[in-house]
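What follows is one structure encoded as structure tokens, with my remarks underneath.
The values are calculated or read from the model by the stated rules, or taken from the named source; none is laboratory data. A quick note: this is a predicted structure, and the numbers were derived from the prediction, not measured. Backbone-built Cβ (ideal geometry, glycine too); neighbour counts: all protein chains shown.
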Amino acid sequence: MENKSFDTTHNLIYNRGLRSTHDDNAGPLDVQIGGQHYKDLKIQPVEFTQANNLSFLEGCIVKRISRHASKNGAEDIRKIKHECDLILKLVYGE
């Protein structure tokens, strides 16, 4: 079975210049300000979030879970819990 989501994301990233295939012509996903915690991932949180049409809070959760071990540790996990509580309240009324 063909993975259309990957193909769509790949086309979005490479064909629109978000990520460069040449080192001398860096796209915005090739550059990270303040660390390496996203650049070292196979797919960056922003790529995953956009490709899956996630909400702002869902994107924040993806971002934090992807980096917690290499950046903010337990603080990121506490923020994830808070963002999950916000989703429960704002989306599900709980």
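Consider I43 against the criteria (1) at pLDDT 95 or above; (2) surrounded by 11 or more Cβ atoms within 10 Å (Cβ to Cβ): it satisfies all of them except one. Which criterion is unmet?
Condition (1) is where I43 drops out.
Conditions (1) touching a Gly at 6+ places or on another chain (Cβ under 7 Å); (2) loosely packed, with under 14 Cβ neighbours inside 10 Å; (3) modelled with pLDDT of 85 or more, marked per residue:
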site: I13; (1), (2), (3): no, no, no
site: H37; (1), (2), (3): no, no, no
site: G59; (1), (2), (3): no, no, yes
site: V91; (1), (2), (3): no, yes, yes
